[in-house]
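Structure record follows, encoded as structure tokens.
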Amino acid sequence: MTRAWILPVLLVLFGSAVATALTVKGDPGKAAVLLLMFVVLAGVNSPLIFPRSIGVLEAQRRSAVDGRPVVLWRPGCKYCIQLRIRLGRSAHRLHWVNIWRDPAGASAAREANNGNETVPTVIVGGRPHTNPDPAWVRAQLPPPA
């Protein structure tokens, strides 16, 4: 199992344990609501809500061709989740690099952030921008073809 799935799986397991305990105590309604909350939280922290990740070298190559920004991110990062959600459908027009899956991506994040793997880091025209405003990121997108 990759690191990206550890937190979501733990959230589902913990939610299941809490729901089971509540059901045994005779409160199945509360158990169902709590389990649903844990499953939603696991989904939000999973790689499922992000577009498919590619390696940073491939992302930089594609960005040079199509002008789209590159986003360095990692699962479980609340700022990455906020950026992804606030970008909405336009998130699919960026190149996403999961730094936990791509060592070169992690290195690029450290290089851009004084040795720290601070994410989200958005690279536009070769210049990194750490935790930028989603409206600004959207404005950096080339017009749809």
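The values are calculated or read from the model by the stated rules, or taken from the named source; none is laboratory data. Model, not experiment: these values are computed from the prediction. Note that we place each Cβ from the backbone using ideal geometry, even for glycine, and neighbour counts take in every protein chain shown.
Observations on the model:
- Selection of first residues in the stretch 42-70 that are within 30 Å of residue 11 (Cβ to Cβ) and of second residues that are outside any helix (DSSP H, G or I) and hydroxyl-bearing (Ser, Thr, Tyr), restricted to Cβ pairs under 8 Å at least 6 apart or on distinct chains, gives the following pairs, ordered by first then second residue: 47/53.
- Residue count, the stretch 81-103 (criterion: assigned to a helix (DSSP H, G or I), hydrophobic (A, V, I, L, M, F, W, C) and within 25 Å of residue 143 (Cβ to Cβ)): 4
- Looking only at the stretch 19-57, residues that are assigned to a loop (DSSP other than H, G, I, E, B) and either of a type outside the set (Lys, Arg) or closer than 23 Å to residue 101 by Cα (or both) come to 10 in all.
- Note on the stretch 44-103: residues that are of a type in the set (Asp, Glu) and under 19 Å from residue 117 (Cβ atoms) total 1.
- Residue within the stretch 79-97 that is over 19 Å from the mean Cα position of the chain (by Cα), at pLDDT below 95 and within 14 Å of residue 122 (Cα to Cα) present: no
- Criterion violated by residue 103 - all others in (1) without any contact (Cβ under 8 Å) to a residue 40 or more places away in the chain; (2) surrounded by 16 or more Cβ atoms within 10 Å (Cβ to Cβ) satisfied: (2)
- Residue in the stretch 20-37 that is closer than 18 Å to residue 81 by Cα, surrounded by fewer than 17 Cβ atoms within 10 Å (Cβ to Cβ) and either modelled with pLDDT under 95 or not acidic (Asp, Glu) (or both) present: yes
- Pick from the stretch 104-141, criterion touching a helix residue (DSSP H, G or I) at 6+ places or on another chain (Cβ under 7 Å) and assigned to a loop (DSSP other than H, G, I, E, B), ranking: farthest from residue 74 (Cα to Cα): 141
- Selection status of residue 83, of a type in the set (A, V, I, L, M) and in contact with a helix residue (DSSP H, G or I) (Cβ under 6 Å, 6 or more places away or on another chain): yes
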